[in-house]
Each structure stands twice: as structure tokens, then as C-alpha cells.
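The values are calculated or read from the model by the stated rules, or taken from the named source; none is laboratory data. From a predicted model like this one, the values you see are computed outputs, not experimental measurements. Glycine also receives a Cβ, built like all others from the backbone with ideal geometry; neighbour counts cover every protein chain displayed. Accessible surface areas use protein heavy atoms only, side chains included; no ligands, DNA or RNA. Shrake-Rupley method; radii C 1.70, N 1.55, O 1.52, S 1.80 Å.
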Amino acid sequence: MATKVAPELLKDVCAEHNLTHVKTEEKNPLPSAEVLLEEKNRERHLNNISEFLRTELRPTEPLEKVVLPDIITIAQEKTEEELKSGIEQFDKDQLRPQKTEEKNPLPDKDDIVKEKQEQEVKKEIVSFPRSKLRRANTEEKISLPSSEAIQQEKREVNIRKSLTEFEKGNLKHVKTEEKNPLPDATVIGLEKKEKEFRLSIHEFDKAQLAPIETQEKNPLPPQEVIGQEKKEVELRSEISDFDKSKLSHADTQEKNPLPPAEAIQMEKKIEQHIKGIENFKKDDLKHAETQIRERLPSKEDIALEKASGDK
């Protein structure tokens, strides 16, 4: 039996420990109308499945297909078989003994510093006094779904309704056709050629091979190239054997050629012309009317036109 505590004692205990009185609310959430409709539709669907007559089912004969592998898969299988046979027939006596070295790497300075910091943090957490902790009230929040989530749920409910309320009488009978595509004549011909080629390679007799002597050739350069190389060698020998004491001292003179008098005058005239254009006053300009004149034909043009007309 639960013992009842007086409210005065509860107030005293709450005052000592700084506790706040909380009222618990009991909630009994009922399902929504959509959930009820879903459950009803599900029950209807299960009832339809349980009441379905097996006599209405039609017998079907399953057909087994034998798909032939491609050329690539055949080649892969052959290589795998060759590898497996090579591994199985491998002689273990050919293996060399090896010594395994066990290493115990010591931590770096950074790792030691990190471990010390972690240990200090753990000590602070363990030795932290609980009296310094503050009371925190937890708030329970019930987050409502967004409008997009509600619309998605409505769509799912409509889809389920359409599936459960769908009439089977509207379905049409469909016959399944099983196909086993055989390779073309070209593919078969290629496979035959590859098989014959591989057999010819495996069954080839090495005794039929004829010995061949390899000849090493060292082509000499032509006379022109030899002459050029000789000239280059002579030049290099002359440059390397040259006596520096035979060189004579030369003084370099820096010249700054001035422009001639004509060029200076031309520059002055250009500068004056530019200054006159820049300082010209627009108010001094006079209005001028352009006259369009029609050019009359010359005597030569008239003679040419007459000659062309006579022709």
C-alpha cells in the first residue's frame, strides 16, 4: 500500500532542496480518423485474402532457361582454372624462410601530452563537487509534423485506399512469353575461329621454327657530318687553347646621339600645331552650307556610250 505524505511535509522538503512542485498530466491520445480508416482498409484487405478461393487459381508450368556464357566469361573461367591449377601444383619447397620482426613503436611527445591532458580532464570530472551543480528543469516538447509531412501522409493514405478498393475484375489476363535468344551466325563463326586459333597455338610444334641469326649494325655517319664534326672539334680546341695574354685592352665609349636640327624643328612645329588646335575657340567658327553638285559626263564617257549604242 502506498503511504500518503502530508502537503506541509512536501513543502518543507521542497524548500530544503530547492525543488519545484510539478503536476503530472495523464494523456490518452486517441487515434485519428485517418488511422482508423487505414486499419479498416487493412482488415478488409486481409479478409479478401483469407476468403479467396484457391480453385480460381490457374496452373502454370515453370520453364528453366539455360543461358550460354559469353566469350569473355569463358576466357575468364579459363584463366581462373589455370591460376587455380598453378596454385594447387605449386611446390612449397621453392619458398624461402623469412624471419618476422615484432616492433613495439613507442608513442610520440604529442601523444603523451594528449594522454596527460585527457587524464587531467577525467580527474577534474571525477573530483568535481556535486554541490556546485545547478538545478535544471527539463521541458518535454511535442513537435507537430510540418505541412509537407501531413500532405505526404495524406497521399500515402489515398494510395492505400486506391489499392485496397481496387476491383480485381478490371484486371486483364496476360500471357508471359519466355525467349531464349540464340547467337547469330557471325558470333558462332567468330567463336569457331577463336577456338581454332587457340588450338593451333597450343598444338604448334616448336621444331618447325627455323633459326635466325641476328646481325648487329652500326651505321657510320656520312662524309658531310664527319666534316662538320671535325670543324666543331677544331673550333673548340682553338677556343680552349687560346692565349688570353694576346688580348688587347679596349675602352668602351658610351654615346648618346642627339637628333639633327631638322628633326628638332619638326617636333617644335608639331607641338605648336597641337597647342593651336587645343587653344582654338569654337566661337570663331563660321557656319558653312554644303552644296551638292552633280557631275556631268566627260567627252570620253559620251563617246563610249555612243559606240556601245552603235553596236
Given 0.36 nm per residue, what is the gain on full extension from A288 to A307 after removing their alpha carbon distance, in nm? 2.6 nm
Dipole of the stretch 247-290, positive end: most advanced residue of I277, H287, A250 [Cβ charges, Cα centre]: H287
Per residue accessible area of the stretch 51-120, 1.4 Å probe, in Å²: 116
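Just to check, using Stokes-Einstein with a Kirkwood Rh over alpha carbon pairs, what's the diffusion coefficient of the stretch 141-205 at 10 °C and 1.306 mPa s in µm²/s?
Reported coefficient: 83 µm²/s.
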Please sort by residue number the chymotrypsin sites (Phe, Trp or Tyr not before Pro) in the stretch 184-292 whose DSSP state is loop and whose Cβ has at most 13 other Cβ atoms within 10 Å. F204, F242, F280
Starting from the stretch 130-184, pick out the GluC sites (Glu not before Pro) whose DSSP state is loop and whose Cβ has at most 14 other Cβ atoms within 10 Å. E139, E140, E165, E167, E177, E178
Which aspartates and glutamates, on any chain, are close to K299 with Cα under 16 Å apart, when same-chain ones fewer than 8 places away are left out? none
Largest first and in whole Å, what are the equivalent-ellipsoid semi-axes of the stretch 158-248 based on the Cα gyration tensor, each being the root of 5 times an eigenvalue? 87, 38, 11
In debye to the nearest 20, how big a dipole does the stretch 32-126 give about its Cα centre with +1 on each Lys and Arg Cβ and -1 on each Asp and Glu Cβ? 200
Cα-based convex hull, the stretch 44-175, per residue volume (Å³, whole number): 539
Sites matching GluC sites (Glu not before Pro) across the stretch 230-262 that sit in DSSP coil, with at most 16 neighbouring C-beta atoms within 10 Å: E254
Two-decimal Rg/Rh across the stretch 200-250, once Rg and the Kirkwood Rh are taken from alpha-carbon atoms: 1.62
What's the local net charge at F90, with K and R +1, D and E -1, over the other residues with C-beta under 13 Å away? -2
Would you mind checking the pairs K23/K122; K40/K168; K84/K179; K78/K192 and listing those with alpha carbons more than 28 angstrom apart? K23/K122; K84/K179
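Could you work out the local net charge near A75, counting Lys and Arg as +1, Asp and Glu as -1, over the other residues with Cβ closer than 14 Å to its Cβ?
Net of charged neighbours comes to -4.
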